[in-house]
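Here's the structure we're looking at; comments come further down.
The values are calculated or read from the model by the stated rules, or taken from the named source; none is laboratory data. Keep in mind that this is a model prediction, so the values were computed, not measured. Ideal geometry is used to build each Cβ from the backbone, glycine not excepted, and the neighbour counts take in all protein chains shown.
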Amino acid sequence: MPDYDVLVIGGGPAGLSAAISAKKEGSRVLLLEREERLGGILKQCIHDGFGLLRFGEKLSGPEYVERFEEEFHELHIEYEVLTFVTDIRKQEGVFLITAVNQKGVQNYQTRTIILATGCRERTAKQVSIHGTRPAGVFTAGTAQHFVNLLGEMPAKKCVILGSGDIGLIMARRLTLEGAKVEGVYEVKPEPSGLTRNLVQCLEDYGIPLYLSHTVTRVFGVGRLTAVEIAKVDDAMRPIPGTERKVECDTLILSVGLIPENEMAESLGVSLDAHTKGPVCDNLFMTDVDGVFSCGNALHVNDLVDYVSESGELAGKAAAGFQKTWRTRGRSVPLDADASLQYLVPQRLNLDYGTDKVVLYFRNKETLPQGILHIEADGKTVFEKKYRNLKPPEMERLEMDFGKFHLNGASKIRVSIRKGGDAK
Amino acid sequence: MDTEILEKKLNRKLKKQFGETVNVTIEGKIIRVSGHLPDWDTVVKACSMCVTKRPGFHVVNDLVAEGVHIPPMRIPPIEDKALDGKEPDVLIIGGGISGCSIARELTRWKLDVLLVDKEADLALQASGRNDGEVHPGVDLGRGTLKQKYVVRGNRMFGKLCEELDVPFRRCGQYVGFTDKSAYSFIRMYAWQRRYICKVTDTRLISGDDLHRREPNLNPDFKFALYNPSAGCVCPYGLTIAYGENAVQNGATVSLNTAVLGMEVIDGTIRSVQTNRGTIYPRLVINAAGVFAEDVAAMAGDRFFSIHPRKGTNSILDKKTGSLVKSISSIKKLKNNAAHTKGGGILHTAHHNLLVGPNAVETYEKENFATEQSSIDAVFEKQKLTAKNLSERDIITYFTGVRPATFEEDFVIEKGRKTRNLIHCAGIQSPGLTTAPAVAIDIAKMAVNELKKQKEVSRNKNFNPRRKGIPQVRNLSEEERNRLIHENPDYGVIICRCEEISKGEILDALKSPIPVTTVDGVKKRVRPGMGRCQGGFCMPLVTKIISEDLQVPIEQVKKSGEDSVISFGKTKGVR
Amino acid sequence: MRELTCITCPNGCLLQVDETEGGIRVTGNACPRGETFAIAELTHPMRTICSTARTTYPETPVVPVRVSGEIPKERIFDVMKEINNIVLDRRVKRGDVLIPDVLGLGVDVIVTSDILTRKLCCH
């Protein structure tokens, strides 16, 4: 049975980065990708704006990811495409992986696994849309696949539910291809996507955004003919009497992304209720020894640059774990209080690399000015002022925890308070 | 004389409750209720009040509900002469579980069998929109056709599903009771079901025993009624399998074919008009579900009425499958309104949980729209069955419409006024369970009828076995490897949630009754049935269909003719 | 005074822009690019566009393209028309120019993926 140090599942930006960095550490790496080509969802994200942090350029999705593919190939990393993992078992400290591809059932053995399985879109049923079930109800990613990969027009006149980034990007994309986007409806009182996308995808094209509105019902037997829109109250429940019918042939949903962690769950990995991704430490290791997570499988990122970064860190850590550490070491929880929507990682490893810890967080409420506090054992050890903190826009922070003299009983608490002068 | 008394009695009863706008006349065994009432629920109530237990009597509803416009039957947007001039021995109207099972049983004889359905696939109405339970029959009283067929039907499932290569599991049914004081009553009830109704597997188990078997059920259950013979099957899977086996044995299935009218002369159907031409059958079988009354009317033989009753089921993520491994529900002796099904929790043949259905009267026979209120009501009740049940695990939901008669029983008999007609009507729950047994009886009735006109001999080539499409995810490594080496497409996974290969999808497109739509493929091999609901695989399936049929993607449909997925190529090319 | 959201980078700074006789005054920007953006937005707003170009290859019916630099916002749909006229019958690479100096705007329409040249299932 082929034997590896690091086996990466998923060949999108996270998996590619993870494989590259593990390989650079000298590990024997295999990457498995279920689709025909590497690149993950970026293959269909033809819009630009990727890589601004990493490359200082506004690249399209394919341009961004193909740079990593090239590096991946230059390093001669082993990989399989059209290969679907069907089973993972842990046995005496090694993982046995079963996958299937055109050559048959494949079995591999590995010391560590990096889960870079990305995320999936929430569906119409998960946001309780009722009525008939005609053709013409698509998630934004599905519509994007039709337009950008198949060159097909799934819409002529459409309504978009949810102001997530893919929804906004698709509003512009469909408009450019000649469709009419009637409007974008968001159930929350604030938009979900990046502000720049509201400007360059909606405002530029005169597409209205309706906050505190939702689609309550769809109509049509063969193809969609209309949707019912209603205003919602503070608890996001439709307000009776505010319903209005909007004629359209397409409903596009951009109502959230869910990290794909069915494989992690099958390995007994604990998930964080807020991120829906694994609970991990700053080495990106989950609570199962040797299982690492990165990219959108760990938490939904809004910038691919951070996806690549987490992959890189996870790859390096997996290589280190396999080669030298062998044990997970001591760790303490990183407690985020209720002012944060979430904080990744959820634990701090005290033994391996506390000096350059990358934290990713989202605050819960929009704050014009806020201060991030980090407390260790009751003492404030770090503060940073932020302005324009918005839940849709994730923040990244690099911290040196090495200087705080932490021990196995230390308590670390992270919170965000209102106020403070703008930086 | 007797009926005159009944007529008077019913008129008195109705007029007392609803006033002078309603009237009952009894002619033959037809109790005809006419006049007008303010709304549909009142119409149903009035008709239900006229039901009598006298054998053969049926309520026919001629009442008008004020302001209610009953939508006409939806007709497929296709018109051609594909069936024009056909002279089948038997024309079966309806491609649900009844029609398909009858078609298969009829192919045991050398007969020209034609089955038509107006929908784009088999099992698109009630047969594809139910919970898939194979009932033990424990809830049915004596003397009904439902009860007559349910135990017989249930016993046939093991062999039948093996022959038709359809997954079936006898997972057992538990009906839990929280009220200890009901024990003696339920013990009597169980005894009666077991020894009088011959539902011989019925037994009572203790709360402890129940919790050992199903640890996640309500800890307050003191005891449960248990029927190990209960099972679950994929209802549309079985219907399609029956249809395919019928086709393999010589029957013809014509989809997108709606019956629009009949020419009846001297109590005989001479011809049947469809959107695909005029058919001249020797015998017609009415298995038209919610439209069985309409078909009976066309044939001049309307002696029963259908009052549609819709129910909604939710399907939960497979991850929750271990919560309940059987069919479980809660029963309270009080406040149990007639016909109100609170549903249950069922571990499906595909290992999801199914929760439901509820029951709501409707005049719209084809309104499959779902409502949040239905799901809320069912979950409220079923959280009493298993408290960890969560709406958050719902991946999809659907509504079906039951074709109930006012007698709440089946109509399985020859035409009363029309000679060359057999009705298989009012087939609601447990119609899936009874179908195999009913089909045998109806096939016998049909053959006896035809024998009056021609010689009918056995079909010596009849093969009861139908080979389904391999489910590669369930194969052993060895078998899976063998299959992939024969055809590498079995190694290409298209649907990641349900682990469906390209090979299986191509098999579905080549199956005996190919339905080359996204939904047709989904029903046969399940891509898109999982938690992402086709978000990832739907464009891929669309592309595979387009390549296999060698048509542009814009010609691939979701389901029916007008369910367009793509409007054409981008770049303004129209 | 006008408020603008800077779209240069994901920070999305909220800019306050004052047009005075002495020129345009920008505040709220975290970096100098905000000022450049605001001035351009008031005088001659510029945007980039991305789209796909049709090919003759059935396995890859479209390839992703973009403009190599910013174009005037009001010319977006004119450039889209040009892009929509392309039918590729050669296997172009990432960075290849499909339309040089599109509509005389000083930027090219370029391919942004190697999808047409990259082999599948290679090792």
### Task
Considering only residues that are assigned to a loop (DSSP other than H, G, I, E, B), modelled with pLDDT of 95 or more and not charged (D, E, K, R), look in segment A:85-122 and name the one that is nearest to the chain's Cα centre (by Cα).
A:G118
### Query
Hey, among the residues in segment C:29-49 that are touching a helix residue (DSSP H, G or I) at 6+ places or on another chain (Cβ under 8 Å), at the interface with chain A (Cβ under 9 Å from one of its Cβ atoms) and not hydrophobic (A, V, I, L, M, F, W, C), which one's surrounded by the most Cβ atoms within 10 Å (Cβ to Cβ)?
C:R47
### Query
When the residues of segment A:190-227 are filtered to those that are of a type in the set (A, V, I, L, M, F, W, C) and more than 27 Å from the chain's Cα centre (by Cα), which remaining residue is nearest to the other protein chains (Cβ to nearest Cβ)?
A:V221
### Query
So is B:A224 touching a strand residue (DSSP E or B) at 6+ places or on another chain (Cβ under 9 Å), modelled with pLDDT of 95 or more and assigned to a strand (DSSP E or B) or not?
yes
### Query
Got a sec? Which of A:G178, A:G183 is free of Cβ contacts under 8 Å to residues at least 60 places away in the same chain, outside any helix (DSSP H, G or I) and surrounded by fewer than 22 Cβ atoms within 10 Å (Cβ to Cβ)?
A:G178
### Query
Which one is surrounded by the most Cβ atoms within 10 Å (Cβ to Cβ) among residues in segment B:484-503 that are within 9 Å of another protein chain (Cβ to nearest Cβ) and of a type in the set (A, V, I, L, M, F, W, C)?
B:I493
### Query
Taking segment A:228-251 as the search range and keeping residues that are within 13 Å of chain B (Cβ to nearest Cβ) and outside any loop (DSSP other than H, G, I, E, B), which one is farthest from A:A155 (Cα to Cα)?
A:P238
### Message
Restricting to segment C:15-28, count the residues that are within 12 Å of another protein chain (Cβ to nearest Cβ) and modelled with pLDDT under 85.
### Response
0
### Query
Taking the condition within 13 Å of chain A (Cβ to nearest Cβ), crowded, with 19+ Cβ neighbours inside 10 Å and touching a residue at least 60 places away in the same chain (Cβ under 8 Å), does C:T52 pass?
no
### Task
Give the residues of segment B:519-567 that are of a type in the set (D, E, K, R), more than 9 Å from every other protein chain (Cβ to nearest Cβ) and over 30 Å from the mean Cα position of the chain (by Cα), sorted by residue number.
B:D548
### Query
Which residues, taken from segment A:150-167, are farther than 14 Å from A:L211 by Cα and in contact with a Lys or Arg (Cβ under 9 Å, 6 or more places away or on another chain)?
A:L150, A:G151, A:E152, A:M153, A:A155, A:K156, A:K157, A:C158
### Query
Within segment B:436-472, restricting attention to residues that are under 27 Å from the mean Cα position of the chain (by Cα) and of a type in the set (K, R), which residue is farthest from B:A246 (Cα to Cα)?
B:K444
### Query
Tell me, which strands (runs of 3 or more DSSP E) wholly within segment B:371-425 include 3 or more residues that are of a type outside the set (V, I, T) and in contact (Cβ under 8 Å) with a residue 40 or more places away in the chain?
B:394-405, B:421-425
### Failed criterion for B:D507 (all others in (1) within 14 Å of another protein chain (Cβ to nearest Cβ); (2) of a type in the set (D, E); (3) out of contact with any Gly (no Cβ under 7 Å at 6 or more places or on another chain) hold)
(1)
### Task
Spot the failing condition for A:V8; the list is (1) buried (at least 23 other Cβ atoms within 10 Å of the Cβ); (2) modelled with pLDDT of 95 or more; (3) at positive phi, and only one is missed.
(3)
### Task
Show the residue pairs that are 6+ apart or on different chains and have beta-carbon atoms under 9 Å apart, the first residue being within segment C:62-76 and assigned by TED's automatic domain parsing to the domain that holds C:L98 and assigned to a loop (DSSP other than H, G, I, E, B), the second being β-branched (V, I, T) and surrounded by fewer than 17 Cβ atoms within 10 Å (Cβ to Cβ).
C:S68/C:V97
